[in-house]
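A.B. asks: Let me begin by handing over the structure; questions about it come next.
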Amino acid sequence: MYKILVAECKQEISTFNPVETQYEDFSINRGEELFSAHRGIESEIGGAIEVFSERDDVELLPLWGARANSSGSLAQAGFDRLATEFEQSLIAAKAGADAFYFSMHGAMGCTEELDPEGFLLQVARRIFGPQIPIMISLDLHGILTQRMLDNCDALTIYHTYPHVDLASTGERAARLLLRILDEDLKPTIARVVVPVLVRGDELKTETGVYGESIRRAQQLEQSGSAL
């Protein structure tokens, strides 16, 4: 029986927005509230629940979730409070855990900590150690930092913009996490930073050049060259 822990922390910010985000702007879900908020809807966790629920050998444990609308940078005091709640939820549930799925955005930012998602993943890795696989899912507009990659085992991202595949992104995350557990896989993640600024139309995945990159990545997955 696999014991898989699930959590969420999502916000997209713009540093050009002068209105800071506060802790009170987040919707917080604790324990079963997290699954109640996502079960049966088109979200990453909603999609992941569907896949995990197909297995009789999976025990899902919802921990904690925080979501806020897009705004300005998150006030550091607010992030510190979120990070403390996140850490406490992981510590309380870590005994006997086999894996951790963390639904994120990839474009959070604080007034002081510029890589809050990397910080949270670092906290998770410290708590779970190197043997527990950590799977994350992200918006394709996220910024992958090295700290994020150093502290997770695998990731999935949206394949569409405008975004219409939130649930399927969670489904792919769940399936990949189960493959890691079933087959004892040890994925290797690499990133390439491309110094280019792309206009909005070219980011549309149906018609823009970014869509060509997504389709190439899908071909690599289908061929077995990439997970």
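Derivation of every value follows stated rules applied to the coordinates shown; laboratory data play no part. This is a predicted model, so every value here is computed, not measured. Cβ: placed from backbone, ideal geometry, glycine included. Neighbour counts: every protein chain shown.
A.B. asks: Could you work out [θ]222 nm for the chain from helices alone, using -39500 (n - 2.57) per DSSP H run of at least four and dividing by all its residues? Round to the nearest 500 deg cm²/dmol.
C.D. replies: Numbers: 7 runs with 85 residues, N = 227.
Value at 222 nm, helices only, nearest 500: -11500 deg cm²/dmol.
A.B. asks: Sticking with this one: Starting from the 7 Å offset along Cα-to-Cβ, what nm value, one decimal, do you get for the label separation of residue 39 and residue 143?
C.D. replies: According to this spin-label approximation, the distance is 3.8 nm.
A.B. asks: Let me ask something additional. Just to be sure I understand the model, the point goes 7 Å from the Cα along the line to the Cβ. What's the resulting residue 191 to residue 126 distance in nm?
C.D. replies: My value for the distance between the label points is 2.0 nm.
A.B. asks: Separate question: If you take every DSSP beta bridge whose two residues both sit in the chain, what share of them, in percent to the nearest 5, is antiparallel? Each step should come with its number before you reach the end.
C.D. replies: Details: 4 of 30 bridges.
Antiparallel bridges make up about 15 percent of those DSSP assigns within the chain.
A.B. asks: With a ≥ b ≥ c the root eigenvalues of the C-alpha gyration tensor of region 102-227, is it rounded (a/c under 1.5), prolate (a/b larger than b/c) or oblate? Mind dumping the intermediate values first?
C.D. replies: On the way: a/c = 1.92, a/b = 1.20, b/c = 1.60.
It comes out oblate by the Cα gyration axes.
A.B. asks: Next question. Please work out whether region 78-118 counts as rounded, prolate or oblate from its C-alpha gyration tensor, where a ≥ b ≥ c are the square roots of the eigenvalues and a/c under 1.5 means rounded, while otherwise a/b larger than b/c means prolate and anything else oblate? Mind showing how you got there, number by number?
C.D. replies: Values: a/c = 3.56, a/b = 1.73, b/c = 2.06.
Oblate, because a/c is 1.5 or more while a/b does not exceed b/c.
A.B. asks: Follow-up question, since we're still on this one. Tell me whether region 52-106 comes out rounded, prolate or oblate; compute the Cα gyration tensor, take square roots of the eigenvalues as a ≥ b ≥ c, and use a/c under 1.5 as the rounded threshold. Before the final figure, lay out the partial values.
C.D. replies: On the way: a/c = 3.79, a/b = 1.81, b/c = 2.10.
Oblate shape, in that a/c is at least 1.5 and b/c is the bigger or equal ratio.
A.B. asks: Something else now. Given R₀ = 25 Å, what would the calculated FRET efficiency be for residue 22 paired with residue 203, taking r from the Cβ atoms and rounding to 0.05?
C.D. replies: On the way: r = 30 Å, r/R0 = 1.19.
Once the sixth-power term is evaluated, E becomes 0.25.
A.B. asks: While we're looking at this one, here's another question. Relative contact order of region 32-173: what whole-number percent is it, with Cα pairs under 8 angstrom and at least 6 residues apart? Walk me through the numbers on the way to the answer.
C.D. replies: Details: 195 pairs, mean separation 42.1, N = 142.
Relative contact order for region 32-173 comes out at 30 percent.
A.B. asks: Next up: Could you give the size of the charge dipole of region 1-118 about its Cα centre, using +1 on the Cβ of each K and R and -1 on the Cβ of each D and E, expressed in debye and rounded to the nearest 20? Can you show the working numbers first?
C.D. replies: Numbers: 8 positive and 22 negative charges, 29 e Å.
So the magnitude is around 140 debye.
A.B. asks: Of the peptides 135-143, 180-188, 52-60, how do they stack up when ordered by the mean number of other Cβ atoms within 10 Å, highest first? Provide the component values of the computation, followed by the final result.
C.D. replies: Working: 135-143: 21.6, 180-188: 12.0, 52-60: 13.7.
Top to bottom by mean Cβ count within 10 Å: 135-143, 52-60, 180-188.
A.B. asks: Taking R0 as 45 Å, what FRET efficiency do you get between residue 98 and residue 164 from their Cβ-Cβ distance, rounded to the nearest 0.05?
C.D. replies: Values: r = 32 Å, r/R0 = 0.70.
In this case the efficiency is close to 0.90.
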